[in-house]
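Undergrad: What follows is a single structure, and I will ask about it in a moment.
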Amino acid sequence: MTSPLARRLSAGAALAWGLTMVSGCASAQDAVDTSATVAARRATEATATGQIASTTLVLDGQGGHILSAAGLGGLEVYGLDGTRLGQVAAGEAVGLDVGYGFMLAGQPTTVVAAVDISQNTLRLFRMDGTVLTEVGARAIPLGFAAENVCLFHNSLDGALYAFVVGDGGEIDQQLIYADANGRLDARQVRRLNVISTVKQCVVDSAASTVYASEETVGIWRFTADPEAFAAPVLIDSPRFGALTEEVGGLALYDGGEGARWLLASDASAGRINVYDRTKDDAYVRSVLVSGPDGGDVLGEPGPMAATSRPMPGFANGLILVTDEDGANVKVVSFADLASPLGLAAGAPTDPRVHNDSPVPTVTATVETAAVASFGDAADDPAIWAHPTDPAQSLIVATDKKGGLFLYDMQGHVVQDLRDGKMNNVDLREGFNLNGERVVLVTASDRTNRSIAIYRLDTASRRLIAVADGVQDTGLADPYGLCMYRELATDRTYVFINGDDTRLRQWELVDAGNGKVRANFVRELTFGSQTEGCVADDDNGVLYVAEEDIGLWRMSAHADGGTDMAMVQAIADNPAVKDDYEGVGLYDLGNGRGYVVVSSQGNDTYAVYRREAPQEYLGSFAVAADPLRGIDGISETDGLEVTSRNLGPGFEQGAMVAQDGRNVLPVENQNYKYVPWSAIAEALDLETR
């Protein structure tokens, strides 16, 4: 069991950590060298309003165009020679960025996002050549005083995100999507906060990394993936590094390995700092920028953009630097800047070309209400399929800080049972209790260090406790749990592992008076921590995930001994990453099917064949569905899989999985339902 890190960036804690990270670089200030002055080769015309707040470069097949946010003048388009070519109204535009290859009406589209501070909204445009067309379904309200925007292309699923930064320290992540009418809209995914104003940001989509400048504090680096912990690092600061005060702009130059540079406008000092992204963003040197033909040095270089893609007259790409004094953009050759600093230009990269993940993605179609407890609370589900009315099927799931939940197939809470810290849960049908065949549910109770035992009353849709007193596990902290029904003998068993290396097996028996007792039958020992497990009733096999090692297979019989075989070691499969957590079984009948394991370290799910030789068949990830407003699944502890009909949309079964980071927007953890038909299509698997 892995406790996920906090989903929100705590400004105070993160700031203290970030300053510690750079405190050993205090001598960087002494190393600042501004002796190099680089002359811009070109400059755009001044904006029509005499205002300029931001700039970006929009690439196309002929080279590209310069796009500027001109305040009340909206957005202005310029050629690389500096000539103004067009303008579009965008309210009072102060920030903008561009994203490529967004599928709109079946066509890859260049999307421009702009911050309009007249109403503090995000506005979305399509750019074709020099023509900007607003394609947003609405001006998207932000709810705070926005300063700028930067776009992130997620390689996992190709989704486009906007980071909007604000005056109050907001870093707001929005998921951009096309609605049913083919217009662009956005949903808030999460909001991070720092203490003071954030004015600039830039995203390295290939590395899923955001750089943002907090006014008077410095430059932060954090993870762009909304399903990951932000992991903030302060890479430079006026107090400890090469910055003097305010950061006026950020840009990324990507020339491949050994030539990836972060550029930061140290506006207060009138210079541009260069950092080596291949060396943990270490400071390199600084330069001054002057106008073309030896014009005046820029007093306060502002927002920037950069590319390594060759352009006419710029063989190694270029850098755009806004000049508030001139209300225009200076165009600097990267080769000119690189030469006095000894920087490598590397090989050109094209941000329009995306190297998307080879892991196929699916989406959840239903999510449950969030669990009641905060933090790492949801953990493990079990599925009961209604035999005659599949739509009335139920999900039993744990809130390991408080009890058990029953959810219906729409994700609504049917029962909230505050009955102790239940970590894992499982169920089996057909248990003979007091002469009646019942659905028996067991859970690992960490409050009482026991086996919690319930009967699922399928008529009233309630869990009813039936344990014959406290059924002690003998474990200091019980974790994982799974059940097994031995078909030949009609006996039912439960397995529980704990915070040590033991896994224990009990037989569940009718104790009389409608109660159930657990009789200990055997113990297995592993080399390290285990949790997830599932029993294959038809074949008498138990699968156990040893978190850092791999997936084991062994006999589920009480007299099955201690022999075990490795299905696959984590170290032998580069597509997975520890921890291995939840384990589920999809039954195709006749001993055939699939074993599914959550690869928590990279937020994917590995699929193995159920029958020999049990080869690895591939992995999938669960991504966000913006139309439904359901986020992806990450940091999964427990999961369950069934091939039984669960009603409309789940006729071939489903995977139900715990979501360790429930965003879109940020809420307590919950569970997601993924149709097996979608998983089968993604990996070319069978359905039942």
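Undergrad: Just order 74-86, 191-203, 290-302 by mean Cβ neighbour count inside 10 Å, highest at the front, would you?
TA: The packing order, highest mean first, is 191-203, 74-86, 290-302.
Undergrad: Does region 361-683 classify as rounded, prolate or oblate by the C-alpha gyration tensor (a ≥ b ≥ c root eigenvalues; a/c under 1.5 gives rounded; else a/b over b/c gives prolate, otherwise oblate)?
TA: rounded
Undergrad: Among the lysines, select those whose C-alpha is under 26 Å from the C-alpha of Lys515, and discard any that sit fewer than 8 residues away in the same chain.
TA: Lys400, Lys401, Lys421
Undergrad: Also, quick follow-up: Which order do peptides 49-61, 405-417 fall in by mean Cβ count within 10 Å, highest first?
TA: 49-61, 405-417
Undergrad: Check which residues have an amide H placed less than 5 Å from Val366's amide H, if you skip close sequence neighbours.
TA: Those lying under 5 Å, H to H, from Val366 are Tyr673.
Undergrad: Hey, what did the chain get for relative contact order, percent, Cα under 8 Å, at least 6 apart?
TA: 10
Undergrad: Which shape class, rounded, prolate or oblate, goes with region 219-285 when its Cα gyration tensor gives a ≥ b ≥ c as root eigenvalues, a/c under 1.5 marks rounded, and past that a/b bigger than b/c marks prolate?
TA: It is oblate, given that a/c is not under 1.5 and a/b is not larger than b/c.
Undergrad: Would you list, by chain and number, the lysines whose Cα falls below 19 Å from the Cα of Lys279, excluding same-chain residues fewer than 8 positions away?
TA: Answer for Lys279, where 19 Å is the Cα cut-off: none of the lysines qualify.
Undergrad: Using Cβ counts within 10 Å as a stand-in for footprinting exposure, how do Lys515, Lys401, Lys279 rank, fewest first?
TA: Lys279, Lys515, Lys401
Undergrad: Can you classify region 404-451 as rounded, prolate or oblate using the Cα gyration tensor, where a ≥ b ≥ c are the square roots of its eigenvalues, rounded means a/c under 1.5, and otherwise it's prolate if a/b beats b/c and oblate if not?
TA: The shape class here is oblate.
Each reported figure results from applying straightforward, stated rules to the coordinates on display, with no laboratory input. Fair warning: this is a prediction, and the values are worked out from it, not measured in the lab. With ideal geometry, Cβ positions are generated from the backbone for all residues, glycine too; neighbour counts draw on all protein chains shown.
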